[in-house]
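Structure record follows, encoded as structure tokens.
The values are calculated or read from the model by the stated rules, or taken from the named source; none is laboratory data. Quantities reported herein were computed from a predicted structural model and do not represent experimental measurements. When we count neighbours, we look across all protein chains shown, and the Cβ atoms used for this are built from the backbone with ideal geometry, even at glycine.
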Amino acid sequence: MALGKLYVVSGPSGAGKSTVCKEVRKILGINLSISATSRKPREGEKNGVDYYFLTVDEFEKKIQAGEFLEYAKVHNNYYGTLKSEIEKRLENGEKIILEIDVQGGVQVKEKFPDAQLIFFKTPTKEDLEKRLRGRQTDSEETIALRLKNSLAELEYEEKYEVTIINREIEQACRDLINIIEK
């Protein structure tokens, strides 16, 4: 049985990764890997659908047990990918979109050299701030932290094979579909 293909999508918070990945997943019928996080769910998010929502203690126990393919602490919360989520799907020959932070993307590439790393960003830093504020889901303190962290995340772009500049959702979706269908 042929192994599947892993597509790692990363970039600063507010770059539109989640929106594009959800749309592409619907269009192509590709599984979006569900990440685990220690942050609280946003309105409308469901456990086991959007994320596996864990307490900090639960997350740290899974780290100690070696259950994560990758993990990082981002914006004062843990985020990570459970090995079991990826391995079983690749063995089944599936294509998987893994939407994770830039640090995790680099970790995955070390373990899965055939993974395709795709970096998302906005045309300008001002666009990024506008999108983060437009969500109206985060406090001013959280927005400030995300903006600060985004500058560091932009430094990772050179480690990624492809960059998608998300000017508009429809075009970013077409760009991601073109990469996956190659």
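Tabulated data for the structure shown
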item: Flag for ASN77 being surrounded by fewer than 17 Cβ atoms within 10 Å (Cβ to Cβ), at pLDDT 90 or above and either hydroxyl-bearing (Ser, Thr, Tyr) or over 23 Å from LEU147 (Cα atoms) (or both); result: no
item: Qualifying residue in the range 104-112 (condition: more than 14 Å from GLU153 (Cα to Cα) and not in a helix (DSSP H, G or I)); result: yes
item: When residues of the range 1-38 are limited to those that are without any contact (Cβ under 8 Å) to a residue 60 or more places away in the chain and assigned to a helix (DSSP H, G or I), the one surrounded by the most Cβ atoms within 10 Å (Cβ to Cβ); result: LYS22
item: Residue within the range 39-62 that is assigned to a loop (DSSP other than H, G, I, E, B), of a type in the set (S, T, N, Q), out of contact with any Gly (no Cβ under 9 Å at 6 or more places or on another chain) and over 22 Å from GLU153 (Cβ atoms) present; result: yes
item: Qualifying residue in the range 94-103 (condition: under 26 Å from ALA144 (Cα atoms), in contact with a Pro (Cβ under 9 Å, 6 or more places away or on another chain) and not acidic (Asp, Glu)); result: yes
item: Count - residues of the range 100-127 that are over 22 Å from ALA72 (Cα atoms) and either without any contact (Cβ under 8 Å) to a residue 24 or more places away in the chain or within 17 Å of the chain's Cα centre (by Cα) (or both); result: 4
item: Candidate set: the range 132-182, residues that are among the β-branched types (Val, Ile, Thr) and assigned to a helix (DSSP H, G or I); chosen: the one surrounded by the fewest Cβ atoms within 10 Å (Cβ to Cβ); result: ILE169
